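The values are calculated or read from the model by the stated rules, or taken from the named source; none is laboratory data. Please read all numbers here as calculations on a predicted model, not as lab measurements. As a convention, Cβ positions derive from the backbone with ideal geometry for all residues, glycine included, and neighbour counts pool all protein chains shown.
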Amino acid sequence: MIDSRAVIDPEAVLAPDVVVGPYAIVGPNVEIGAGTKIGPHAVLRGPTRIGKNNHIYQFTSIGEDPQDKKYQGEPTELHIGDGNTIREYCTLNRGTAQGGGITRIGNDNWIMAYVHIAHDCQVGDHTIFANAASLAGHVCVGDWAILGGFTLVHQFCTLGTHCFTAFGSVVGQDVPPYVLVSGHMAKPHGLNTEGLRRRGFSPEALRSLRQAYKILYRSGLSLEQAISQIQEMAEEYPEISPLVDMLSKATRGIVR
């Protein structure tokens with residue numbers, strides 16, 4: 001299962017059925033779970049933990065040092081969950097001591113070619129990163145988020161669950177859950193309605209989310225006033241709760 005031309009450090013830990021292609025390099029302190037495939041010419045550095053049934057394609061750079069001038073060689077980590085697809089030329093960096101020390105990628109994510117995920121990012125489950133989408137450091141991406149091709153996200157931003165960024169979006173502030181944004185700089189353009197339908201949101205849930213969106217973006221209320229009204233709605237419609245939670249914790253402001 002391991003090509004004779006691959007270079008595997010003796011301190012790497014690979015499950016028995018891991019596939020490693022020719023000329024791939026797996027360094028020390030790299031752990032790879034069962035069913036994972038590593039393509040030709042991929043470079044994996046540790047400390048990095050990779051779960052089960054991932055497919056990491058050729059020419060990827062996984063677990064390299066963070067691109068941060070504060071980094072001084074500390075033993076920071078990259079954790080990748082299960083069932084992820086990571087396509088050609090992606091770069092996923094380890095964390096920094098100042099940012100908690102760990103970059104995390106969850107489960108069942110679809111990460112297309114040339115994507116960059118920087119140090120200390122936290123990516124949830126079931127996300128899609130289209131070609132060349134890039135996260136600066138310390139970005140959080142919620143479950144089911146979709147980033148269009150060439151999306152650029154400023155450091156310390158949060159992208160909420162089920163949000164959608166159109167291709168070429170430049171995101172400089174937090175994107176609330178369920179919201180669709182586009183542009184340079186990114187602005188809101190309604191809800192990710194089609195994505196929510198595909199994921200089984202009921203007509204009633206969609207109506208409540210549309211009402212919350214109108215309160216947030218079209219009522220003329222201040223953010224604090226809008227949060228107060230939306231919070232009251234969340235008592236009746238639980239799908240609004242992620243929106244309330246993120247709005248209450250936003251540190252960079254939200255796209256408006």
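Within region 239-249, if we keep just the residues that are in contact with a helix residue (DSSP H, G or I) (Cβ under 8 Å, 6 or more places away or on another chain) and in contact (Cβ under 8 Å) with a residue 60 or more places away in the chain, the residue that is surrounded by the fewest Cβ atoms within 10 Å (Cβ to Cβ) turns out to be Leu247. Scanning region 98-117 for residues that are part of a loop (DSSP other than H, G, I, E, B), farther than 15 Å from Thr60 by Cα and modelled with pLDDT of 95 or more turns up Gly101, Gly106, Asn107, Asp108, Asn109.
Using beta carbons and a limit of 9 Å, which pairs, at least six apart or on different chains, have the first residue in region 60-73 and surrounded by fewer than 17 Cβ atoms within 10 Å (Cβ to Cβ) and the second one in a loop (DSSP other than H, G, I, E, B) and polar (S, T, N, Q)? Close Cβ pairs satisfying both conditions: Asp65/Thr76; Lys70/Thr96. Look at (1) in contact with an Asp or Glu (Cβ under 9 Å, 6 or more places away or on another chain); (2) surrounded by 20 or more Cβ atoms within 10 Å (Cβ to Cβ) and you find that Ala205 fails only one, number (2). Set side by side, the residues Ile240, Ile215, Ile227 differ, and just one is farther than 21 Å from Val171 by Cα, in a helix (DSSP H, G or I) and over 26 Å from the mean Cα position of the chain (by Cα), which is Ile215. Among the residues of region 150-157, is any in contact with a helix residue (DSSP H, G or I) (Cβ under 9 Å, 6 or more places away or on another chain) and either closer than 18 Å to Ile102 by Cα or in contact (Cβ under 8 Å) with a residue 12 or more places away in the chain (or both)? Among the residues of region 150-157, not one is in contact with a helix residue (DSSP H, G or I) (Cβ under 9 Å, 6 or more places away or on another chain) and either closer than 18 Å to Ile102 by Cα or in contact (Cβ under 8 Å) with a residue 12 or more places away in the chain (or both), which makes the answer no.
Of the numbered criteria (1) of a type in the set (Gly, Ala, Ser); (2) over 14 Å from Ile2 (Cα atoms); (3) free of Cβ contacts under 8 Å to residues at least 40 places away in the same chain, the one Gly51 fails is (3).
Inside region 146-182, can you point out the residues that are assigned to a strand (DSSP E or B) and small (Gly, Ala, Ser)? Matches in region 146-182: Ser182 only. Per the conditions (1) over 17 Å from the mean Cα position of the chain (by Cα); (2) buried (at least 20 other Cβ atoms within 10 Å of the Cβ); (3) of a type in the set (Lys, Arg), the sole criterion not satisfied by Lys52 is (2). Among the residues of region 157-169, at least one is within 30 Å of Arg45 (Cβ to Cβ) and β-branched (Val, Ile, Thr).
Checked against the criterion of being assigned by TED's automatic domain parsing to the domain that holds Gln58 and either part of a loop (DSSP other than H, G, I, E, B) or of a type in the set (Asp, Glu) (or both), the candidates Asp120, Asp143 yield just one match: Asp120. Taking the criterion of being among the hydroxyl-bearing types (Ser, Thr, Tyr) and buried (at least 24 other Cβ atoms within 10 Å of the Cβ), the only residue of region 128-151 that qualifies is Thr151. Is at least one residue of region 95-110 touching a Lys or Arg at 6+ places or on another chain (Cβ under 7 Å), closer than 23 Å to Ser134 by Cβ and hydroxyl-bearing (Ser, Thr, Tyr)? So far as region 95-110 goes, yes, one or more of its residues are touching a Lys or Arg at 6+ places or on another chain (Cβ under 7 Å), closer than 23 Å to Ser134 by Cβ and hydroxyl-bearing (Ser, Thr, Tyr).
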